[in-house]
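FYI, it's all coordinate maths here, none of it is from the lab. None of the values given here were measured: they were computed from a predicted structure. A quick note on method: Cβ atoms are made from the backbone with ideal geometry, for glycine too, and the neighbour counts reach across all protein chains shown.
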Amino acid sequence: MFYLIGLGIYGWKGLSVEGLNACKNADSMFIETYTNIIQKEYIIDLEKTINKKIRELSRDDVETKSEELFIDKSKKSDVCLLVGGDPLTATTHIELLRLCKEKGIKFKVVHAASIYNSVCETGLHVYKFGKSCSIPFPEPHYNPTSFFDIIEQNQKIEAHTIVFLDIKKDQDKYMTISEGLNILLNISKEKKSFFNDNTKVIGIARLGSPDQVIRYGSVKELLNFDFGKNPHILIVPKMGKIEEEYAKELYS
């Protein structure tokens, strides 16, 4: 049987009892670390807890070699693939379930908390979030701006935007909140759009960890704020009165 298991939003302590039991009883354990940052020490700690080795997989392993590496093994043994957050939120892992169905392999998804519900700790209402977007690192001959269009569209319908910041694990590059804000400022200036130094935003670092940081303030204020180590994300909100009161009281 194939188990697709969410770890929750930080480390592995968000793993459900069901997920932990599946790990303890599994014959083979895998973890992908390209969609979320999962520190090596947390993987080692989980290995000690379940008394099993966990093999780390790259994007290429999961997207092009999944059948030979772990799907086919699931025909005759129990195999677990661990994923940060919820295993089916903003990922292409649904393709793994399609492969199992095609091959007649039983599968089970074990869900966990994801960034999409955990951001409500900011005081924002979950039903007011619109489409999310991601800011990639600008590269020569590749400098998209379509993510800014999504933010503008959400503003028009009075919806909040979760803005994910680029992760290039193979290059050890992790976009910071200040880098993301500067990219948004430059695009807004070119487009003569709403986003400026006085726009209110929310910056989040290491959500769910013991040293998480949530900060609400103007772009200018957050540009100079030290959020510490990654992962970082941004929220460009369109707040109601009650939401703004919560954010100000708790995080400014």
Using unit Cβ charges (K, R positive; D, E negative) and no other charged atoms, how large, in debye to the nearest 20, is the dipole of the chain about its Cα centre? 380 debye
For region 116-251, what does the relative contact order come out to in percent, with C-alpha contacts under 8 Å and a separation of six or more? 27 percent
Can you compute log10 of I(q)/I(0) for the chain with the Debye formula, treating each Cα as one identical point scatterer, at q = 0.16 Å⁻¹? -1.16
Just from the alpha-carbon atoms, what are the Rg and Dmax of region 120-165 in angstroms? 12.4, 39
Hey, which lysines would be in cross-link range of K13, C-alpha to C-alpha under 26 Å, not counting anything within fewer than 8 residues on its own chain? K24, K40, K48, K52, K53, K108, K168, K169, K173, K229
Let me check I've understood the local charge: for S188, count other residues with C-beta under 13 angstrom from its C-beta, Lys and Arg +1, Asp and Glu -1. What total comes out? -1
From the C-alpha coordinates alone, can you work out the Kirkwood hydrodynamic radius of region 116-251, in Å? 15.1 Å
Measure nothing fancy, just the Cα-based angle from helix 146-156's long axis to the longest principal axis of the chain, in degrees from 0 to 90, nearest 10. 60 degrees
Charge dipole (debye, nearest 20) of region 8-118; +1 at Cβ of Lys and Arg, -1 at Cβ of Asp and Glu: 360 debye
Helix 94-103 axis, angle to the chain major axis (alpha carbon atoms, nearest 10°): 20 degrees
